[in-house]
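First comes the structure, then the notes that go with it.
The values are calculated or read from the model by the stated rules, or taken from the named source; none is laboratory data. Everything numeric here is computed off the predicted structure, so don't read it as measured data. Positions of Cβ are generated from backbone atoms using ideal geometry, with glycine treated the same way; all protein chains shown enter the neighbour counts.
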Ligand SMILES: Nc1ncnc2c1ncn2[C@@H]1O[C@H](COP(=O)(O)OP(=O)(O)O)[C@@H](O)[C@H]1O
Ligand SMILES: [Mg+2]
């Protein structure tokens, strides 16, 4: 409250004091003030209005009118009101008005200037003032932060010696074209900071003109785009990975077709050929022999059914869609042990009577299938432990064998690990990760984790 009242009150005091001073000065100097006794009052009004605004200006005007009327205008020492008083009042008001508007304009300009200064000071961008011969004239906090030099270290020094890069050559050329009146230039380049660490920057250089409109220097705004550049590089990496994946997808599809084709040709094709032969000879045989051939044909048809059903199961067990992960795994382990003689010790938690998104169920099944095939083909193990647990950490899958182990990193680098790479890709495509721990003679532990947010089943539509 006091803080707001005080400037107002002090304005009126100032006006009073200024008019009193004007009265005293006019009194003593009046012989020299012919023809007008008013210049000191005009000054008092102008100063009051300039420093304290409209209120003090008007107050000073009123006082000056009364005092000059009383002390200096005949009839002296009486207050009268004449035509000249009105015109004098008008003159005083004009002076006060001019002083107030000048003061306001100046204050606005100063405010704009300090606002601009605050923007420059608080900007994250480096904003650097340059003379036409390339000396640093100003250096904001953003520049100090970005390049690691304080203002004291650089102001007055050539910019080309501060920012180490091929920028040194560019800068000379840019400044000479700015001298010729060229407007803003924008480009991206690499600067180095005090520790010589490279920074990706986007640079804008514009001419600075003085009041007369002549180019007197240049401003350089540098924005750190290291983050953007890194993101671009990452994106590029993803794009390349995606291209690689889609190429692999085509390969995998082709291999699958080759597998189905050979399965159809080698197994089903052979059985069908046998069946055809029997049917061709049977009509020409005596009835007893024909009965025997018919029995053979029946056996072949039974074989065919079995082959088709095995092929179907190999391609994609229908129970994975119908019954879910756990029953399919149990079925797969039984068949695996029957065929390979390798014992599967299966432990599970949190997956009973539960459905996961189809892609998670498929990936989990395929990963375990491939890992178990590897155990049978490469590990010389006699038992394998499989572990599938879903809890708040996500879905954890582990396959551990007691076989001979292998060197995982050199196998990956050898480029002959399409099965393991496939496991990793399946895991990563669904936001998961693969770790393999294996040492020659120590068995192998393969682990895949899917994060919990990938395990939510999307609600059915409609
Ligand atoms: N459980 C395992 N025990 C021992 N060696 C393994 C095991 N799994 C994978 N390997 C080794 O890693 C190699 C790459 O496996 P993989 O990518 O599945 O390709 P492939 O099975 O077609 O050879 C195998 O050739 C084998 O040498
Ligand atoms: Mg394999």
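Would you be able to tell me the number of residues in region 392-406 that are on the phi > 0 side of the Ramachandran plot and free of Cβ contacts under 8 Å to residues at least 40 places away in the same chain?
Keep residues of region 392-406 that are on the phi > 0 side of the Ramachandran plot, which gives 394, 405.
Remaining after also requiring free of Cβ contacts under 8 Å to residues at least 40 places away in the same chain: 405.
Count: 1.
Let me confirm something: among 199, 208, 159, 163, which residue is surrounded by 14 or more Cβ atoms within 10 Å (Cβ to Cβ), touching a helix residue (DSSP H, G or I) at 6+ places or on another chain (Cβ under 8 Å), touching a residue at least 60 places away in the same chain (Cβ under 8 Å) and in the same structural domain as residue 140 (by TED's automatic domain parsing)?
Details: 199 fails: touching a residue at least 60 places away in the same chain (Cβ under 8 Å); 208 fails: touching a helix residue (DSSP H, G or I) at 6+ places or on another chain (Cβ under 8 Å); 163 fails: touching a residue at least 60 places away in the same chain (Cβ under 8 Å).
Just a single option satisfies the conditions, and that option is 159.
Name the pairs: first residue in region 408-419 and on the phi < 0 side of the Ramachandran plot, second residue part of a loop (DSSP other than H, G, I, E, B) and near ligand 2 (Cβ under 10 Å from one of its atoms), Cβ to Cβ under 9 Å, at least 6 apart or on different chains?
Here the result reads 408/417; 411/417, each pair linking region 408-419 to a residue that is part of a loop (DSSP other than H, G, I, E, B) and near ligand 2 (Cβ under 10 Å from one of its atoms).
Sort out for me the strands (runs of 3 or more DSSP E) sitting completely within region 354-443 that have 3 or more residues that are more than 14 Å from ligand 1 (Cβ to nearest atom). Reasoning before the result, please.
Values: elements: 383-391, 394-401, 433-438.
Here the list reads 383-391, 394-401.
Those residues that are surrounded by fewer than 13 Cβ atoms within 10 Å (Cβ to Cβ) and not in a helix (DSSP H, G or I), I need them from region 46-104; list them, please.
Those that are surrounded by fewer than 13 Cβ atoms within 10 Å (Cβ to Cβ) and not in a helix (DSSP H, G or I): 74, 75, 76, 77, 78, 79, 80, 81, 82.
Quickly run through region 365-391 and pick out the residues that are free of Cβ contacts under 8 Å to residues at least 40 places away in the same chain and more than 12 Å from ligand 2 (Cβ to nearest atom).
368, 380
Regarding region 314-331, can at least one residue be identified that is over 17 Å from residue 448 (Cβ atoms) and within 16 Å of ligand 2 (Cβ to nearest atom)?
yes
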